[in-house]
Amino acid sequence: MSEAIREANGEGRAALVVYLPAGFPDMDTSRACLEAAAEAGADLLEVGFPYSDPLMDGPVIQQANQVAMDAGYTPHDDIEMCAQLDANLDIPSLVMTYYNICWHYRAPDRLAGFARAAADAGLSGAIVPDLPVAESAPWLRVAADVGLASVFLAASTSDDAHLASAADASTGFVYATSTLGVTGTRESLSQRAEPLVSRLRAVTDRPVCVGIGVSTADHAAAVAGFADGVIVGSAAVRAAADGGPVAVKRLVAALAQGCRRGYRAPASSESAR
Amino acid sequence: MHDGHFGRFGGRFVPEVLTTTLDELETAFDKAQADETFAAQMDALRRDYGGRPTKLYLAEHLTAHAGGARIYLKREDLAHTGSHKLCNVLGQGLLAQRMDKRRLIAETGAGQHGVATATIAALLGMECRVYMGEEDCRRQRLNVVRMQLMGAEVTPVTTGTRTLKDAINETMRDWVTNVETTHYLLGSVVGPHPFPMIVREFVKVIGEEVRGELLEREGRLPDAVMACVGGGSNAMGMFHRFITDETVRLIGVEAGGHGLDTDQHSATLVAGTEGILHGARSYVLQDDYGQVHPTHSISAGLDYPGVGPEHAWLRDTGRAEYRAATDAQALEGFRLLCELEGIIPALESAHAVVPAVELARELGPDGIIVVNLSGRGDKDVDEVSHVLEMVTPSDGESDVHAPDRSPAHPPRSSARTSDSPQRAASSSTGGEEG
Ligand SMILES: Cc1ncc(COP(=O)(O)O)c(C=O)c1O
């Protein structure tokens, strides 16, 4: 997964990571939306598995999750969709869900069962936003066993020790949260993102992607000026809601342009690599 | 000694953005515990402002009705704001002040914790916002007004179940956004470490008072202490001092709603499975995939699919016992206290009454039981009068009578004891023709 990001950077652009939930507005359309995002220039896909209590998510993603859950899809259906997706794609994808979903998958194997199912479905990694590093040992063990990368969140409120441990544990990339708060589209980009990325650069050589509130091509261009990757969630979900795969494709193409237009290779990155 | 776990339960399953703040909270708490001025401040506030210690009342008529063990009531309903919740908010309010947070946010179900938080915010001059499920705003309207009168902003939560679970989600989302200026004043022994530990330390005074006073009056420890369990704070407050007194049974009563054979209840420890919700590993009412179930209880304060991790541990070690009382039993307990003792209890607290009567009969006259009367019932009067009419008379399972359907009769004979003739039937509830 970090290779996909480095490859994009090598081609002179920030990697574009696009989030879309499985099962929204229905399972087939969600797969079509993910494939449209890949075609339009996404470098990584983040597939959300809906959960009843998504406390890191704002209204747009909450509502999409609710639609998928009301339709009766289970995490097993979500995994199944990912397996089908894999056959049609040549970019990596990762699952984003909450810890209770991972822990319940295919009991009594639980976490190990989830990690194995994800790897079997062709997923490359996982983001579990309510799993901080301090609680992650059981997950890291089973993820490593099947070759799944783990992505941890880093926030501007974290002290340097927490930032370093989040970066160390992140085997895919480090997810720098651009702003305090939950997922959702924002008018303007927070001023917190750039200093946070600098602080992370000081403690890690791993790729750093910035997400939460990154909504437009201009935001993407701005983030591409200081980060290795750009993560877009709610704006993509809104496009999927409003215009399905066609709208997703249009948005992602614009975002990809932003990622190229704004990209600046970090000064120290040559020596760091 | 705190690594945030109770056996395998507890922990801290939260977004990274909160971990540094939770560390700071724990540090502030540890410092405060070691600081005599904090202890003195707490003592003075509890006593002069909060009305502690609360009374321990021997409920003679309920005891006679049960015909067994003596039943004492710990009168948390007499504390300022009308419930046990004030002990916790006094402590956390002072902690927030020490951490230089000027804004308090809280979730509330029954509104009692919201009222307590609004109270401390007014007292300490802080900004306050309370999240409350839309459904709970309706059924606990009195408390919404109380919060507003004290200057708090009440935000109705319209997502998910529109009850306590989603009020907690919404408060967490606010906290994640405003963590630098804001303290989340969590209202029960739930959530990520250090909350379950901190809240317990602030409410354990309940059991300490009971133990001291009962030893003085009865010369011995009780056979059992009982309390209703929503998130578990009033029960933990009652239990904690007794955990090492092995002869004392600790009995928690959860909300059995329409019955455990339906999915309309909130009996997490009795009928739930292990999972991770709201930052901690504990028991959860959820499906096989880990999606959390909607719950039901007649009482908003117990209508929650999670429970504090220390209770999960007490359950698994067998140190505490948990049972469930249905909506109908809670209503019966409510009426027993109204009619026999002249005390209108919170519907939450009322859940422990019928199980206490049953246990009193089992233990016999030599026994002693203490029930935590965690709050008063003013907030429930509207809802109860409404529900009582719905429950009768066709519902065969319940023999609760709507007062206005049996105007000519004294209240349920079982609610009176034949051996207290001076209290026979004239009655306050038979009248009032609808
Ligand atoms: C009077 C009263 N008792 C009990 C509860 C349940 O909470 P806990 O289990 O934390 O004591 C509430 C919650 O709102 C309450 O208001």
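The values are calculated or read from the model by the stated rules, or taken from the named source; none is laboratory data. If you're wondering where the values come from, they're calculated on a predicted model, not measured in any experiment. No Cβ is skipped: glycine too gets one built from the backbone with ideal geometry, and neighbour counts run over all protein chains shown.
Below is a table of values for the structure above.
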| quantity | calculated |
| --- | --- |
| Total residues in the stretch A:120-131, condition crowded, with 18+ Cβ neighbours inside 10 Å and either more than 23 Å from A:Gly58 (Cα to Cα) or of a type in the set (Gly, Ala, Ser) (or both) | 5 |
| Failed item in (1) more than 14 Å from chain A (Cβ to nearest Cβ); (2) surrounded by fewer than 24 Cβ atoms within 10 Å (Cβ to Cβ); (3) at pLDDT below 95, with B:Val154 passing the rest | (3) |
| All positions within the stretch B:350-374 that are on the phi < 0 side of the Ramachandran plot and either within 9 Å of the ligand (Cβ to nearest atom) or not hydrophobic (A, V, I, L, M, F, W, C) (or both) | B:His351, B:Pro355, B:Glu358, B:Arg361, B:Glu362, B:Pro365, B:Asp366, B:Gly367, B:Asn372, B:Leu373, B:Ser374 |
| Exclusive hit being buried (at least 21 other Cβ atoms within 10 Å of the Cβ) and farther than 30 Å from B:Val14 by Cα, set B:Val144, B:Val189, B:Val225 | B:Val225 |
| Unmet requirement for B:Val189, which otherwise passes all of (1) in a loop (DSSP other than H, G, I, E, B); (2) within 14 Å of chain A (Cβ to nearest Cβ) | (2) |
| Elements of type helices (runs of 4 or more DSSP H) in the stretch A:1-88, at least 1 residues being under 29 Å from B:Pro192 (Cα atoms) | A:59-70, A:75-87 |
| Helices (runs of 4 or more DSSP H) contained in the stretch B:201-298 and holding at least 3 residues at pLDDT below 95 | none |
| 2 or more residues within 16 Å of the ligand (Cβ to nearest atom) and not basic (Lys, Arg): qualifying helices (runs of 4 or more DSSP H) within the stretch B:57-163 | B:85-98, B:112-124, B:134-139, B:141-149 |
| Tabulated pairs, the stretch B:109-138, first within 14 Å of chain A (Cβ to nearest Cβ), second modelled with pLDDT of 95 or more and more than 16 Å from the ligand (Cβ to nearest atom), C-beta under 6 angstrom, 6+ apart or interchain | B:Tyr131/B:Thr155; B:Tyr131/B:Glu170 |
| Boolean, B:Leu62 is crowded, with 19+ Cβ neighbours inside 10 Å, outside the structural domain of B:Ile120 (by TED's automatic domain parsing) and hydrophobic (A, V, I, L, M, F, W, C) | yes |
| Tally, over the stretch A:89-104, of residues that are in a loop (DSSP other than H, G, I, E, B) and among the small types (Gly, Ala, Ser) | 0 |
| Complete set of residues in the stretch B:257-281 that are more than 8 Å from every other protein chain (Cβ to nearest Cβ), touching a helix residue (DSSP H, G or I) at 6+ places or on another chain (Cβ under 6 Å) and closer than 21 Å to A:Phe114 by Cβ | B:Ala280 |
| Residue match in the stretch B:3-26 (condition: farther than 24 Å from B:Leu340 by Cβ and more than 14 Å from chain A (Cβ to nearest Cβ)) | yes |
| Scope the stretch B:208-242; condition closer than 18 Å to B:Tyr57 by Cβ and within 13 Å of the ligand (Cβ to nearest atom); matching residues | B:Met226, B:Ala227, B:Cys228, B:Asn234, B:Gly237, B:Met238 |
| Of all residues making up the stretch B:37-56, the number that are touching a strand residue (DSSP E or B) at 6+ places or on another chain (Cβ under 8 Å) and without any contact (Cβ under 8 Å) to a residue 24 or more places away in the chain | 1 |
| Some residue of the stretch A:234-244 being among the acidic types (Asp, Glu) and either crowded, with 19+ Cβ neighbours inside 10 Å or farther than 23 Å from A:Ser124 by Cα (or both) | yes |
| Qualifying residue in the stretch B:333-348 (condition: more than 19 Å from B:Lys74 (Cβ to Cβ), in contact with a His (Cβ under 8 Å, 6 or more places away or on another chain) and not β-branched (Val, Ile, Thr)) | no |
| Test set (1) within 13 Å of chain A (Cβ to nearest Cβ); (2) touching a residue at least 40 places away in the same chain (Cβ under 8 Å); (3) among the hydrophobic types (A, V, I, L, M, F, W, C) - B:Val284 fails condition number | (2) |
| Some residue of the stretch B:248-259 being under 20 Å from B:Arg8 (Cα atoms), away from the ligand (no atom under 16 Å from the Cβ) and not polar (S, T, N, Q) | no |
| Of residues in the stretch B:309-333 being under 30 Å from A:Leu111 (Cα atoms) and out of contact with any strand residue (DSSP E or B) (no Cβ under 7 Å at 6 or more places or on another chain), the one nearest to the other protein chains (Cβ to nearest Cβ) | B:Asp316 |
| Pairs where the first residue, in the stretch B:217-240, is free of Cβ contacts under 8 Å to residues at least 40 places away in the same chain and the second is within 13 Å of the ligand (Cβ to nearest atom) and of a type outside the set (A, V, I, L, M), C-beta under 8 Å, 6+ apart | none |
| Options A:Pro59, A:Pro50; residue that is within 13 Å of chain B (Cβ to nearest Cβ) and more than 16 Å from the chain's Cα centre (by Cα) | A:Pro59 |
| Number of the exception - B:Ala167 against (1) under 18 Å from the mean Cα position of the chain (by Cα); (2) among the aliphatic types (A, V, I, L, M); (3) away from chain A (no Cβ under 14 Å) | (3) |
| Failed item in (1) surrounded by fewer than 23 Cβ atoms within 10 Å (Cβ to Cβ); (2) more than 17 Å from A:Ala121 (Cα to Cα); (3) away from every other protein chain (no Cβ under 14 Å), with A:Ala36 passing the rest | (1) |
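Conditions tested, residue by residue: (1) buried (at least 18 other Cβ atoms within 10 Å of the Cβ); (2) within 14 Å of another protein chain (Cβ to nearest Cβ).
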position: A:Ala64; (1), (2): yes, yes
position: A:Gly72; (1), (2): no, yes
position: A:Pro75; (1), (2): yes, yes
position: A:Asp78; (1), (2): yes, yes
position: A:Ala83; (1), (2): no, no
position: A:Ile101; (1), (2): yes, yes
position: A:Tyr105; (1), (2): yes, yes
position: A:Val133; (1), (2): yes, yes
